[in-house]
Structure formats: structure tokens, C-alpha cells
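To start, the structure under review is shown below, and the notes come after it.
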Amino acid sequence: GRGCTAYDVVVNSGFFRTLQADPLYLEFFLTVAMEGLSEKYGVELELTGWRVLRNRKFLGSISAQNIRARPRPHIQELPG
């Protein structure tokens with residue numbers, strides 16, 4: 001009944017099937033993901049009580065995700 005902040009974590013569907021096959025691996029992944037979100041955004045997240053949606057892949061509208069195949073170099077040498 002109260003408002004909350006939600007974070008989406010996007011993973012490859014094949015990797016997600018691997019996670020679903022092993023509950024311990026899924027819990028490990030989610031714990032690492034939540035710790036990463038906590039550190040990145042400077043918020044304290046409760047590491048228990050999480051839910052993976054069963055019959056829905058997402059809530060609301062989903063936007064396209066672009067994943068770069070090759071990383072771009074951080075340092076580039078410019079001509080001249």
C-alpha cells in the first residue's frame with residue numbers, strides 16, 4: 001500500500017534459465033546485483049524479501065536495451 005523504488009536488472013534469457021535451474025545460484029546472483037545497486041546509488045537495500053516475477057517478464061512498459069558487442073576504448077589517440 002505504500003510507494004517504493006524499483007530497480008530493473010536486465011540479463012540474457014539463456015543466463016536467466018541457468019539461474020532458474022539452481023536456486024542457490026539465483027540467490028547468489030541477486031545478492032551480488034543488489035549489493036552492486038546499493039553501492040552504485042548509495043542506498044541501503046534489504047537483501048531479503050525479493051521477488052522474481054513468475055508469469056510476467058516486467059511491470060509497466062519495457063524499453064529496448066542495447067548491449068555493445070565490443071567495448072569502446074576509454075583512451076583514444078587523436079590524429080594531429
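The values are calculated or read from the model by the stated rules, or taken from the named source; none is laboratory data. As the structure is a prediction and not an experimental result, all values here were calculated from the model. Reconstructed Cβ throughout: ideal geometry from the backbone, glycine too, with neighbour counts over all protein chains shown. SASA here: full protein model, heavy atoms, side chains in, ligands and nucleic acids out. Shrake-Rupley method; radii C 1.70, N 1.55, O 1.52, S 1.80 Å.
Can you tell me which residues in the stretch 22-33 are free of Cβ contacts under 8 Å to residues at least 24 places away in the same chain, surrounded by 12 or more Cβ atoms within 10 Å (Cβ to Cβ) and either of a type in the set (A, V, I, L, M, F, W, C) or outside any helix (DSSP H, G or I) (or both)?
28, 29, 30
Among the residues examined, residue 16 does not qualify as open to solvent by less than 90 Å² (accessible area, probe 1.4 Å), aromatic (Phe, Trp, Tyr) and modelled with pLDDT of 90 or more.
The sole residue among 43, 11 that is under 24 Å from residue 63 (Cα atoms), hydrophobic (A, V, I, L, M, F, W, C), out of contact with any Lys or Arg (no Cβ under 9 Å at 6 or more places or on another chain) and assigned to a loop (DSSP other than H, G, I, E, B) is 11.
For the stretch 41-63, the set of residues classified as modelled with pLDDT of 75 or more and among the aliphatic types (A, V, I, L, M) consists of 43, 45, 47, listed by residue number. For the stretch 57-64, the criterion of a residue being free of Cβ contacts under 8 Å to residues at least 24 places away in the same chain, on the phi < 0 side of the Ramachandran plot, touching a helix residue (DSSP H, G or I) at 6+ places or on another chain (Cβ under 9 Å) and open to solvent by 70 Å² or more (accessible area, probe 1.4 Å) is satisfied by no position. Looking across the stretch 69-80, just one residue is modelled with pLDDT of 70 or more and basic (Lys, Arg), and that is 70.
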